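The structure appears below as structure tokens.
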Amino acid sequence: MDKAWKQVLAAVILGVCLPRTVMSLAGFWLPREEEPESSQSAQQTVVETFPTQPSKTPVPVYIPVLTDKTSIRVLELENYVLGVVLAEMPAYFEEEALKAQAVVARTYALRRIAQGDRHPDGAVCASSGCCQAYISTEEYLEKRGTQADVNRIRQAVLETAGEIVCYAGSVAETTYFSCSGGKTEDALEVWGEGYPYLQSVSSPGEEEAFTYRVTKTLSANAFAQKLGRDLSGEPAEWLGKVTYTRGGGIKTMDISGKTYTGAKLWQLLGLNSTSFTVTAKGDTIIIETAGKGHRVGMSQYGADAMAATGKKYLEILSYYYPGTEIDKVGTIG
């Protein structure tokens, strides 16, 4: 791994957050004339910096982004955040929600780089199923939206430039998702590892999300096949005891003498989340799912709903990540 990236990782892991303090971490700055050498695992290239005001970003920050299986693009941090917000959140969302998304995307990337737990060379990828989705401005304009959309999101990134979420002096784990279905989930219930700031909270106002409530109907045979079992008797008799998490998700469910975790059923049945109900009507199994994704951290539709009521992005972040603080990376003023 290039020396510069080792400095980046060390700086973040040791704790780049100093409450209410603007930091200057030399290890984070990779001048363009000193772009990293190609590693054996990936080919690296540098792209243009984010066009911010000089007073906002006096020294650009660069991060490694895995664009495919063999290539790493070294993106300027704010340019990368712009691409993430373009890919992850609708441009028509409220401005304060877009700002909140920019902060959590920036924080999430630095956390992944610090942990080095996803890809070689401490890189992040452009897949929402692994790290975060990312789309270039050019591709966005070609396939998804308008220059007005880009300008709107760029402004949200610009107004939050360098801001990250921190907890107890370290970069926070700012997971986020589309819609909770009314209540977020504890990290402990989903991943078996708890965080003081990733607790279950109510998330009202998400009804406009198309995944707020989704009904899936299966034949009894199809239901059994998805479970990989040969079930007999009346389908209504298959469904037994259910336990729930604090976030309203399924913790365990007994089905015809076997106990499943909600996460396992989420996977086997191809559901949107672990928050669901299962009922039987004759030879039909009806599954209603609330929300989409792991439901841990910030709900994007919830953030938009809060912003629509006048909440500012700092209030949104404080609500979904209680006990955290906002700090800045580098000498951004």
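Read-outs: derived from the displayed coordinates by stated rules, not from any lab. As the structure is a computational prediction, the values presented were derived from the model and not from experiment. Note: ideal-geometry Cβ built from the backbone for every residue, glycine included; neighbour counts use all protein chains shown.
How about the range 67-140: which trypsin sites (Lys or Arg not before Pro) there lie in a loop by DSSP and see at most 12 other Cβ atoms within 10 Å?
Here the sparse-neighbourhood loop sites are Lys69.
Once you treat every alpha carbon in the range 90-157 as an equal point and sum by Debye, what is log10 I(q)/I(0) at q = 0.16, 0.17, 0.24 Å⁻¹?
Log10 I(q)/I(0), no solvent term: -0.63, -0.70, -1.08.
Taking the beta-carbon count within 10 Å as an exposure proxy, list Trp266, Trp191 from fewest neighbours to most.
Fewest to most other Cβ atoms nearby, the residues stand as Trp191, Trp266.
Output needed for the range 176-296: three equivalent-ellipsoid semi-axes, defined as square roots of 5 times the C-alpha gyration tensor eigenvalues, in descending order, whole Å.
Semi-axes, largest first: 26, 16, 11 Å.
Given a cut-off of under 8 Å on Cα pairs at least six residues apart, what relative contact order in percent is computed for the range 176-296? Mind showing how you got there, number by number?
Numbers: 252 pairs, mean separation 42.8, N = 121.
Dividing the mean separation by the residue count of the range 176-296 yields 35 percent.
Counting just the Cα atoms, what span does the range 130-186 cover along each of its three principal axes? Round to the nearest Å and put the largest first.
Sorted from largest, the Cα extents of the range 130-186 read 40, 30, 22 Å.
Quick one: check the C-alpha center-to-center distance for the range 244-299 versus the range 163-177, whole angstrom.
Cα centres, the range 244-299 to the range 163-177: 28 Å.
Could you work out how far apart the two model spin labels at Lys281 and Asn221 are, taking each label as a point 7 Å from the Cα in the direction of the beta carbon, and quote it in nm?
Going from the Lys281 label point to the Asn221 one covers 2.1 nm.
I'd like the GluC sites (Glu not before Pro) in the range 145-251 restricted to DSSP loop residues with at most 16 other Cβ atoms within 10 Å, sorted by number. Could the numbers behind the result be given before it?
Working: sites: Glu159, Glu163, Glu173, Glu185, Glu189, Glu193, Glu206, Glu207, Glu208, Glu237; in loops: Glu173, Glu185, Glu193, Glu206, Glu207, Glu208.
For GluC sites (Glu not before Pro) across the range 145-251 that sit outside H, G, I, E and B with at most 16 neighbouring Cβ atoms in 10 Å, the list reads Glu193, Glu207, Glu208.
Between the DSSP loop rule and a limit of at most 16 other Cβ atoms within 10 Å, which trypsin sites (Lys or Arg not before Pro) in the range 234-331 are left?
Filter output for the range 234-331: Arg246, Lys312.
What is the sum of charges, Lys and Arg at +1 and Asp and Glu at -1, for the other residues whose Cβ falls under 14 Å from the Cβ of Gly129?
+2
Could you list Thr70, Thr211, Thr217, Thr274 so that the one with the fewest beta carbons within 10 Å of its beta carbon is first and the one with the most is last?
On the way: Thr70 9, Thr211 19, Thr217 12, Thr274 28.
The fewest-first ordering by Cβ neighbours comes to Thr70, Thr217, Thr211, Thr274.
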